[in-house]
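Structure incoming, see below.
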Amino acid sequence: MSYGARLITFEGIDGSGKSTQAARLADHLRARGYQVIHTREPGGSPGAEEIRSLVLEGDPDRWSAETELLLFTAARRDHLEKTILPALAVGAVVICDRFVDSTRVYQGITRGDLRPTVDVLHKLMIGREADVTFIMDIPPGTGLSRAKARKGTEERFEDFGEDMQFRMRRGFLELAKEFPDRCHVIDGDRPADTVAEHVARVAEAELR
Ligand code: ADP
Ligand code: TYD
């Protein structure tokens, strides 16, 4: 891997500000001369984007938790092969909106205690953790009202409601304790500019 190549991920509940902050960090690092690939999951490659619409649209009971885990992992494998690894190989900083920590929380904790299966499948099929992870932390009510304000067809997960968002928030905070070397918990309940300055400071220190 070339010097400077790093995989930076943003994680957290729906509406916590991941997409906003991933875009802000990408702009910030590009302005400082880094080559940056800004991508997202599920998706980030043509094949994975097709899987994204399968998994995010339609009835909340469309897939079992196990099927969903396989679909997210298949999408991630394609994203890794086609987008992430080629970018890291040329020394780019890859900024990814969600990665395996979302699977650990959403499929592993909140939908049927699949966490050991998530980890085995990850080791077998992906085998790569992020170098730096920002866990965007926000009260679920705030996140949900922010997410609901965005209109769209991808509502299968947001439809799960506030109680589920509480469990997911706790799940992300527990992951931050499990992986303290790479995880930074960021208070997302602040103005976007303040959050962006905090994220940029941490990212620059990590890239130095
Ligand atoms: P996520 O990707 O985590 O779901 P987004 O970045 O899409 O979250 O943000 C959800 C909504 O909240 C968007 O409409 C966005 O403009 C808004 N938003 C993002 N960050 C903030 C913030 N710090 N304060 C207020 N609103 C925000
Ligand atoms: P995303 O588009 O990032 O939603 P948001 O911007 O609202 O945070 O992700 C869509 C949904 O997919 C989100 O509710 C979380 C879910 N998801 C999983 O359940 N498992 C996964 O592995 C990933 C990557 C996402």
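The values are calculated or read from the model by the stated rules, or taken from the named source; none is laboratory data. Quantities reported herein were computed from a predicted structural model and do not represent experimental measurements. Cβ coordinates were reconstructed from backbone atoms using ideal geometry, including for glycine residues, and neighbour counts include every protein chain displayed. Just the protein is used for accessible areas: all its heavy atoms, side chains included, with ligands, DNA and RNA removed. Shrake-Rupley method; radii C 1.70, N 1.55, O 1.52, S 1.80 Å.
Just one of the numbered conditions (1) within 13 Å of ligand 2 (Cβ to nearest atom); (2) under 19 Å from ALA200 (Cβ atoms); (3) open to solvent by less than 20 Å² (accessible area, probe 1.4 Å) is not true of THR20; which one?
(3)
I want to confirm something. Restricting to the range 23-33 and keeping residues that are in a helix (DSSP H, G or I) and open to solvent by 60 Å² or more (accessible area, probe 1.4 Å), which single residue is farthest from ligand 2 (Cβ to nearest atom)?
Filtering first and then ranking leaves ALA31.
In addition: Of all residues in the range 156-179, which are open to solvent by 50 Å² or more (accessible area, probe 1.4 Å) and at pLDDT below 85?
Matches in the range 156-179: ASP159, PHE160, GLU162, ASP163.
Next up: Go through (1) in a helix (DSSP H, G or I); (2) open to solvent by 20 Å² or more (accessible area, probe 1.4 Å); (3) not β-branched (Val, Ile, Thr) and name the single condition GLY127 misses.
Looking at each condition in turn, GLY127 falls short on (1).
While we're looking at this one, here's another question. Please specify each residue of the range 180-208 satisfying the condition of being among the hydrophobic types (A, V, I, L, M, F, W, C) and either touching a strand residue (DSSP E or B) at 6+ places or on another chain (Cβ under 7 Å) or open to solvent by 70 Å² or more (accessible area, probe 1.4 Å) (or both).
Matches in the range 180-208: CYS183, VAL185, ILE186, VAL195, VAL199, VAL202, ALA203, LEU207.
Select, from GLY47, GLY12, GLY58, GLY91, the only residue that is in contact with a Phe, Trp or Tyr (Cβ under 7 Å, 6 or more places away or on another chain), more than 16 Å from ligand 1 (Cβ to nearest atom), open to solvent by less than 60 Å² (accessible area, probe 1.4 Å) and in contact (Cβ under 8 Å) with a residue 24 or more places away in the chain.
GLY91
This table checks each residue for (1) under 23 Å from GLY143 (Cβ atoms); (2) among the aromatic types (Phe, Trp, Tyr); (3) more than 13 Å from ligand 2 (Cβ to nearest atom).
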{"site": "ASP14", "(1), (2), (3)": "yes, no, no"}
{"site": "GLN35", "(1), (2), (3)": "no, no, yes"}
{"site": "GLU49", "(1), (2), (3)": "no, no, no"}
{"site": "PRO60", "(1), (2), (3)": "yes, no, no"}
{"site": "HIS79", "(1), (2), (3)": "no, no, no"}
{"site": "ARG98", "(1), (2), (3)": "yes, no, no"}
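Would you point out which residue out of GLY4, GLY58, GLY43, GLY15 is part of a loop (DSSP other than H, G, I, E, B), at pLDDT below 95 and either touching a helix residue (DSSP H, G or I) at 6+ places or on another chain (Cβ under 6 Å) or polar (S, T, N, Q) (or both)?
Residue meeting the stated conditions: GLY15.
Here's a follow-up. Here is a list: VAL118, VAL105. Which entry is open to solvent by less than 60 Å² (accessible area, probe 1.4 Å) and either of a type outside the set (A, V, I, L, M, F, W, C) or more than 15 Å from ligand 1 (Cβ to nearest atom) (or both)?
Every option except VAL118 fails the conditions.
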